[in-house]
Amino acid sequence: MEELYYWMVFHLTLIKTNKTPAFNSVIIISVLQGINLSLIDMLFKYFFNIDFFENLSSELLGLLMFIVLFLINIVFLYSKRNDIIKKFENYSVERRLRGRLFFWIYVVLSFVSFFGTASVLVVPK
């Protein structure tokens with residue numbers, strides 16, 4: 001997650017109007033993690049008929065999941081942001097390119113897999 005955080009901060013820093021890229025990165029990463037956990041939940045419901053959060057509405061589940069992930073990311077990423085940035089700035093050019101590539105693959109596949117799966121598996125009530 002640290003490398004994902006580094007690259008998110010890096011890209012958000014390029015936006016001149018973004019005054020808080022380190023904090024905004026935590027928000028975006030929390031959303032991505034929530035999307036991936038929701039995907040896992042959908043797959044368990046579909047393939048194994050297991051509903052982990054049967055008694056919660058989707059809205060409440062999403063809110064609770066975001067709050068928990070956000071707090072975890074604040075503790076493990078945001079509070080250590082300076083150390084994380086120093087660590088990854090010292091990587092070789094080749095290693096940084098590889099990390100950047102995997103960053104974009106993670107971001108794109110998170111959205112594509114979630115929305116692709118949701119469009120096929122989720123049936124409106």
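The values are calculated or read from the model by the stated rules, or taken from the named source; none is laboratory data. Note that the coordinates shown come from a computational prediction; the quantities given were computed from them, not determined experimentally. Please note: Cβ atoms are built from the backbone with ideal geometry, for glycine as well, and neighbour counts cover all protein chains shown. For the accessible areas, the whole protein counts, side chains as well, though only heavy atoms, and no ligand, DNA or RNA atoms are used. Shrake-Rupley method; radii C 1.70, N 1.55, O 1.52, S 1.80 Å.
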- [ ] Please give the per residue accessible area of the chain, computed with a probe of 1.4 Å over protein heavy atoms only, in Å².
- [x] 68
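Taking the Cα centre as origin and putting +1 on Lys and Arg beta-carbons and -1 on Asp and Glu beta-carbons, what dipole magnitude results for segment 73-125, to the nearest 20 debye? Write out the running numbers ahead of the final one.
Numbers: 9 positive and 3 negative charges, 24 e Å.
Result for segment 73-125 is approximately 120 debye, rounded to the nearest 20.
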- [ ] Mind running the shape call on segment 28-125? Use the C-alpha gyration tensor, a ≥ b ≥ c as the square roots of the eigenvalues: rounded below 1.5 for a/c, prolate if a/b tops b/c, oblate otherwise.
- [x] oblate
Task: Phi-based couplings in Hz for segment 32-48 (Karplus 6.51, -1.76, 1.60; Gly and Pro marked x) - done: 4, 5, x, 4, 5, 5, 5, 4, 4, 4, 4, 5, 5, 4, 6, 7, 10
Task: Ellipticity estimate at 222 nm from DSSP helix runs (n ≥ 4, -39,500 (n - 2.57)) divided over the chain, nearest 500 - done: -26500 deg cm²/dmol
Task: Phi to ³J(HN,Hα) by Karplus 6.51 cos²θ - 1.76 cosθ + 1.60 over segment 65-76, Hz, x for Gly, Pro - done: 4, 5, 4, 4, 4, 4, 5, 4, 5, 4, 5, 8
TODO: Could you tell me what percent of the accessible area of segment 13-125 is made up of carbon and sulfur, with a 1.4 Å probe and every protein chain present?
DONE: 69
- [ ] Please state the charge dipole magnitude for the chain, taken about the Cα centre, from unit charges on C-beta atoms (+1 on K and R, -1 on D and E), reported in debye and rounded to the nearest 20.
- [x] 540
TODO: Calculate the radius of gyration of the Cα atoms of segment 1-47 to one decimal place, then report Dmax, the largest Cα-Cα distance, as a whole number, both in Å.
DONE: 13.8, 45
